[in-house]
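Have a look at the structure below, then the notes.
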Amino acid sequence: MASTSNNSITQSSNSSSSLRRNYYDVFITFRGKDTRYNFTDQLFNALQRKGIFAFRDDTNLPKGESIAPELLQAIQVSQIFVVVLSKNYASSTWCLRELEYILLHCRQQPTKHILPVFYDVDPSEVRYQKEGDYEKAFVKHEQRFQQDYNMVQRWREALTQVANLSGWDIHDKPQFAQIEKIVKQIINILSYNFSSLPKDLVGTDSPIEELEKCLLLDSIDDVRIVGISGMGGIGKTTLATVLYNKISHQFPVYCRIADLSKIYRHDGPIGAQKQILLQTLGEEYLQTCNLHNASNLIQNRLCREKAIIIIDNVDQIEQLEKLDVRREWLGAGSRVVIISRDEHILKEYGVDVVYKVPLLNKSDSLQFFCRKAFKLDHIMSSYDKVAFDILRYANGLPLAIKVLGSFLFGRNIPEWESALATLRESPNEDIMDVLRLSFDGLEKMQKEIFLHVACFFNGCKEKHVKNVLNCCGFHPDIGLRVLIDKSLINISASDKIEIHGLLEELGRKIVQEDSINESRKWSRVWIYEQFYNVMLENMEKKVEAVCFVREERKKKILIKDEILIKDETLSKISHLRMLILKGVTFSGNITCLSSELRYLEWDRYPFKYLPSSFRPNQLVELNLRNSNVKQLWKDKKYLPNLRILDLGYSKNLRKMPDFGEIPNLEVLDLEGCVKLEQMDPSIGVLRKLVFLNLKYCKNLASIPNNIFGMSSIKCLYLPGCPKVFKNSWQLKKPNSSEISSHSLYHKDLTGCLRPSLLSLYCLREVDVSFCGLSQLPDAIGCLHWLEGLNLGGNNFVTVPSLRELSKLVYLNLEHCKLLESLPELPFHTANIDHNLHINLYENIKGLVIFNCPKLGERERCSIMAFSWMIQFIQAIQESSTSVDWIDIVIPKSEIPSWCNNQSEGNSIRIDSSPISYDNNNHIIGIACCAVFSVAPGNPTTTTNAKRTQIKLDFTNCNTNWWWNGIVPVILERELVAVKSDHMCLMYFPLESFVNILKFVDKTLMHLDMKVFVIKNNKGLDLEVQSCGYCWIYKQDLQLMHASLQKFRSSEVQVFGN
């Protein structure tokens, strides 16, 4: 966490206590006749010997019905309160009033500490006041103060609170030894209150609160171990210091090892154990030089005590193992906090929970930077632009903000701008040195993966990056996991790999340094100037990876200038293994490509064929989307390693190669290849093909029959391919040989698609939308592995029963204009596959019934849709399946009455406070609804604008942060003939919605929901009529299910208001 430095030193003297002092270190409250001349006197003298200013009431202040102003003043200026609880303490109304005020004061100032001492009374007697002297005392108080019963109750509560605090039970124990412990604890608290801990901390309140929750400090019977992890410079040590300072007073034994890794390197494991012994037993044990003896001493010391132990900077699991602080050796109520950049170390050691330290938010970043750069809490005039540029560069990393802010203090604006330009070319060494520690701890393969991510893949989809790295011969599944554990990369909620800008600079700097140190070995090239220099100096043979991307991503052009590559340059790079070119201009003809290429992605490849001299034996993925290829090559090529072939939207593609040349192909994507008229019959040899996409191949006339013997296919996309079905797919009854060859056939089937879909019994996704189908076979209900089925835009009247498709999580029937009734929908169970493959493109789960004008019994439609959704939600609750949200679109003109927060129009404020008060975890999600109408507009106004969309948008009403989801329907003028009303419902499981809240508004308080139309092509009239939301509770599912089963009313009464 961010902090500012504090160089002040607090000094103490041996002056006696005086009411004229303006502060005290310690205030002692006690019953005079019980302890004044024994324990309290000895404690006071011990504190004086240590130079600690202590106050005790030895004056002749009058004892009355209220506390004297002098005592109130002394309490207010004291830091620590020692409460000496003796037999007659509760009999003194003076003591009780004093204690009540102390507790009230400490609640208002949580940095102050209360230390109870149970002198000659049992803690339980103090806590409950139901036996002994304390019971008798309160019987008298209740008789005496019958008119002020509340005051007596406050006294009871004060005693209960103080008895629940960690303190000392010294009954029948040597007082001298106990006083030493108390003084040591006081010294420890004071030393951390006024030590090197920075005076002004920024951004620590929320993390400390989260850490305290992780520690479960109220639980006094168990031992809990918490890990703190995060990237270098993010403030892990600062957080641990603040935490230690705040809670260590609650523990009789406390120990903090500042740098275990350093101690381990210099003094070995015995050095770290000596630190524990020194802080818990004293200096006399420092002569211990045997690990076994030291472990025994630690065990014997800690097993009887409630201890807090902070262990900072652990970089090897062996350091913790040889430190030998075992959970079973610690006393009840003990807490251990371990700090490491490597989350895997923490998990392997067995911590109960890992807290990942977040970057500073924008507000805290700005405040911290201003304190460093201006010694103010705000930006100085005229510095706004350059200050925000620097904050964007630092991106919330406290170390970077501190270093840069301190460096820029006292300098003018031109100097700031010059410094920023210098940083972008040559990052600050102090920052890079801290960040590099994590990189240096990686294995060779992990370093290569990190450098690839830093140079090429920041912000790219995890699945894509893994695929590329796999193609290049790396092992990304374990490699990326290690990088995540070491806080070098992060996977975002949208499954993108994110790397902090400064870590990205670190990786690129390492590559540049290696190129200088190793005879200009440019292994990776991502800047055109580098590429030009490599060619100029004839160093192209050492290049292994090239990535040039010129495109807009989130309004940021990755490469601004035009990239021009000449024909001879790529031909010279003979050891190239990865080539990615997007937005590149190529001059001349390409004559050769490296035979070592394993991954080739060239968007808008400009030539009709790949070079004839290209030997792609090592190629694993070939991606030529939007290319100009007519066919891949003229002659034959053998590609034994090719797994993925993507020629999507290659609009001149006419012929596919002999698939026998690529026998191990797993993914074939030919989406949008509009001139492709036939598939080579050899496709039937592809026994490993799992994904076949022929979307919008509108001129594809047929598909070879042998494709239906390919039982490996899981995803089949044929939308917008009407000729395929007209020419070769007819309905017929299966003959006896077909029935015997497929175990999934039933004798009563009346028809099937020819060739039968049943052959593809492993299908998980099928899309045959807009294919002109007028009839569907009953056999489609036998594809038991099916998860997604898109039948939209077809001409059938009915759909066969889908009752047996228990894994189905997505069904689309939009624009089925002749559809008169809905099919039987499946009953979901908890056996939903938690590795759902559904919708590789859009990850949609739900039910879409849109623009079906002949569909009757609309209320039945609503009931079926809601029932299906309930079953799905119940299945999710009962399994470990992770779902982002569920979409439902059905014909309906009103939001259901169970949605108890409704608003006319397209926006509503969401009250998220129920989440905060839901301590028993009754809330399971939120349902967001909207009713919208769609009607054909004036055809003459239709434009070529992009497709119309309806979006549900969550926004922070105080900032510009937002999140949106698209209602999954196709809105095009030629598809809509009549006006209709529909309701869309998006159900978000609680975890998913909380993640959205955190993204939009970290306070979880300020959230607006809006449903709006974008990119309207003026050919449709759309209006959002109303919207609403409802928190969904566990018990609601049962009520909803029961009400739907009974069909008691015309409206689905499901959730109680």
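The values are calculated or read from the model by the stated rules, or taken from the named source; none is laboratory data. Computed from a prediction, not measured in an experiment: that's the story for all the values here. Using ideal geometry, Cβ is built from the backbone for each residue, glycine included, and neighbour counts are taken over all protein chains shown. Surface accessibility is based on the protein's heavy atoms, side chains included, excluding ligands, DNA and RNA. Shrake-Rupley method; radii C 1.70, N 1.55, O 1.52, S 1.80 Å.
Using the structure shown, decide if I311 is closer than 16 Å to I263 by Cβ, within 25 Å of the chain's Cα centre (by Cα) and of a type outside the set (S, T, Y). Judged against the criteria, I311 is not a match. Among the criteria (1) buried (at least 19 other Cβ atoms within 10 Å of the Cβ); (2) free of Cβ contacts under 8 Å to residues at least 40 places away in the same chain; (3) in contact with a helix residue (DSSP H, G or I) (Cβ under 9 Å, 6 or more places away or on another chain), the one Y696 does not fulfil is (3). Kindly indicate whether any position in segment 497-504 is closer than 30 Å to S882 by Cα, in contact with a Gly (Cβ under 8 Å, 6 or more places away or on another chain), open to solvent by 70 Å² or more (accessible area, probe 1.4 Å) and outside the structural domain of S426 (by the TED database). Within segment 497-504, one or more residues are closer than 30 Å to S882 by Cα, in contact with a Gly (Cβ under 8 Å, 6 or more places away or on another chain), open to solvent by 70 Å² or more (accessible area, probe 1.4 Å) and outside the structural domain of S426 (by the TED database).
Restricting segment 819-866 to residues that are among the polar types (S, T, N, Q) and at pLDDT 85 or above, which is nearest to D981 (Cα to Cα)? Only one residue tops the list, namely N851.
Residues in segment 121-149 that are open to solvent by less than 60 Å² (accessible area, probe 1.4 Å), part of a helix (DSSP H, G or I) and among the hydrophobic types (A, V, I, L, M, F, W, C): V126, A137, F138. Residues in segment 670-711 that are modelled with pLDDT of 90 or more and hydroxyl-bearing (S, T, Y) were compared, and the one that is nearest to F659 (Cα to Cα) is S682. Name the residue that is modelled with the highest pLDDT, counting only residues in segment 988-1024 that are of a type in the set (D, E, K, R), under 17 Å from T948 (Cα atoms) and assigned to a strand (DSSP E or B). Across segment 988-1024, the extreme among qualifying residues is E1023. For segment 677-692, filtering for residues that are aliphatic (A, V, I, L, M), in a helix (DSSP H, G or I) and under 20 Å from R654 (Cα atoms) leaves 1. Any residue in segment 368-376 that is part of a helix (DSSP H, G or I), buried (at least 22 other Cβ atoms within 10 Å of the Cβ) and in contact with a Pro (Cβ under 8 Å, 6 or more places away or on another chain)? Yes, because at least one residue in segment 368-376 is part of a helix (DSSP H, G or I), buried (at least 22 other Cβ atoms within 10 Å of the Cβ) and in contact with a Pro (Cβ under 8 Å, 6 or more places away or on another chain). For L346, work out the one condition from (1) modelled with pLDDT of 95 or more; (2) open to solvent by less than 30 Å² (accessible area, probe 1.4 Å); (3) touching a helix residue (DSSP H, G or I) at 6+ places or on another chain (Cβ under 8 Å) it doesn't fulfil. Only one criterion in (1) modelled with pLDDT of 95 or more; (2) open to solvent by less than 30 Å² (accessible area, probe 1.4 Å); (3) touching a helix residue (DSSP H, G or I) at 6+ places or on another chain (Cβ under 8 Å) is unmet by L346, namely (3). Against the test of being of a type in the set (K, R) and either closer than 18 Å to Q109 by Cα or modelled with pLDDT under 80 (or both), the options K184, K199, K173 yield a single qualifying residue, K199.
If the condition is being touching a residue at least 40 places away in the same chain (Cβ under 8 Å) and either open to solvent by 40 Å² or more (accessible area, probe 1.4 Å) or assigned to a helix (DSSP H, G or I) (or both), then segment 150-177 contributes R154, W155, A158, L159, Q161, V162, A163, L165, D169, H171, Q175, F176. Picking from residues in segment 565-589 that are open to solvent by 70 Å² or more (accessible area, probe 1.4 Å) and modelled with pLDDT of 75 or more, the one that is nearest to N623 (Cα to Cα) is R577.
Taking the residues in segment 314-329 that are aliphatic (A, V, I, L, M) and not in a helix (DSSP H, G or I) as candidates, determine which candidate is nearest to I276 (Cα to Cα). That would be V325. Just to be sure I understand the filter: pairs with C-beta atoms under 9 Å, separated by 6 or more residues or on different chains, first member in segment 355-370 and free of Cβ contacts under 8 Å to residues at least 40 places away in the same chain and on the phi < 0 side of the Ramachandran plot, second member of a type in the set (F, W, Y) and open to solvent by 40 Å² or more (accessible area, probe 1.4 Å). Which pairs pass? So the pair list comes out as L366/F388. Residues in segment 216-237 that are open to solvent by 10 Å² or more (accessible area, probe 1.4 Å) and either assigned to a strand (DSSP E or B) or within 17 Å of L260 (Cβ to Cβ) (or both): R224, K236, T237.
Is there a residue in segment 768-776 that is modelled with pLDDT of 90 or more, open to solvent by 20 Å² or more (accessible area, probe 1.4 Å) and among the β-branched types (V, I, T)? No, because not a single residue in segment 768-776 is modelled with pLDDT of 90 or more, open to solvent by 20 Å² or more (accessible area, probe 1.4 Å) and among the β-branched types (V, I, T). Every test in (1) touching a residue at least 24 places away in the same chain (Cβ under 8 Å); (2) closer than 19 Å to G350 by Cβ is passed by E318 save one, and that test is (1).
Cβ-Cβ contacts under 6 Å between residues 6 or more apart (or on different chains), taken from a first residue in segment 250-279 that is free of Cβ contacts under 8 Å to residues at least 24 places away in the same chain and closer than 12 Å to D312 by Cα to a second residue that is of a type outside the set (D, E) and part of a helix (DSSP H, G or I), are listed as I263/G271; I263/A272.
Taken over segment 100-120, the criterion of being closer than 24 Å to D169 by Cα and either in contact with a Cys (Cβ under 7 Å, 6 or more places away or on another chain) or open to solvent by less than 20 Å² (accessible area, probe 1.4 Å) (or both) is satisfied by I102, L103, C106, K112, H113, I114, L115, P116, V117, F118. Scanning segment 376-425 for residues that are of a type in the set (D, E) and under 32 Å from the mean Cα position of the chain (by Cα) turns up D377, D384, D389, E425. Taking each residue of segment 783-809 that is surrounded by fewer than 17 Cβ atoms within 10 Å (Cβ to Cβ) and looking for partners that are of a type in the set (D, E) with beta-carbon atoms closer than 7 Å, six or more apart or interchain, yields H784/E804; V797/E820; T798/E820; S801/E824; R803/E824. Of the residues I915, I908, the single one that is assigned to a strand (DSSP E or B) and of a type in the set (A, V, I, L, M) is I908. Scanning segment 598-619 for residues that are at pLDDT 95 or above and aliphatic (A, V, I, L, M) yields L600, L619. When you scan segment 622-629, do you find a residue that is modelled with pLDDT under 95 and aliphatic (A, V, I, L, M), even just one? No.
Looking across segment 589-608, the residues that are touching a Lys or Arg at 6+ places or on another chain (Cβ under 6 Å) and not basic (K, R) come down to S595, E596, D603.
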